[in-house]
């Protein structure tokens, strides 16, 4: 193409999983990731709820459940934990999101930038929640896939084009079959890692995504 909310005693955890439209080679959800989502940009509640639902559907389509939480998430039982942060303005023009290079085998941190998402949604006449959902799914993909994780087409396309946005609006922009398999394997393998393995950083470059 990434803060914790108040009231820690009122933790809201939302389980969302896709129910239909499985990608080629996808299976019934048998792997799970936890996403700690921090909204520092004040995205409208309805928009954020819709974006989370769509992002969960995208991962559900490839057999991966998404467990959303607004509270600090530990690597409980070895689950993969993605720390996803929505900020207002990107550090550079045209940057919609980026994933940090400090990812570990059981998680990592990524950012999505609201203002750029809004600009792209308006320019491409695509629903804001939809563009936000795909931006979130893309950055989560960087944390789950081995580098280099950009692709020439689909969700992990580095610079979405007109066809990508048409597919996005139709809900048919997907991970490739190879990416889907790699993500499922990564999400499934996290809880089998040893403690020693979990302490070792996975060398992933800082990835910037623009559109």
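None of the figures in this text is laboratory data; all of them are computed from the coordinates on show. Worth saying up front: this structure is predicted, and the values here are computed from it rather than measured. All Cβ positions, glycine included, derive from the backbone under ideal geometry; neighbour counts span all protein chains shown.
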- Can you tell me which of 91-97, 42-48 comes out highest on packing, and rank the rest after it, using the mean Cβ neighbours within 10 Å? 91-97, 42-48
- Taking a crude spin-label model, label points 7 Å out from Cα along the C-beta direction, the residue 115 to residue 147 distance in nm is 2.7 nm
- Packing rank of 170-178, 78-86, where each peptide gets the mean count of other beta carbons within 10 Å, highest leading: 78-86, 170-178
- Note on the structure: Sorted largest first, the C-alpha extents of region 35-168 along its principal axes in whole angstrom are 42, 32, 30
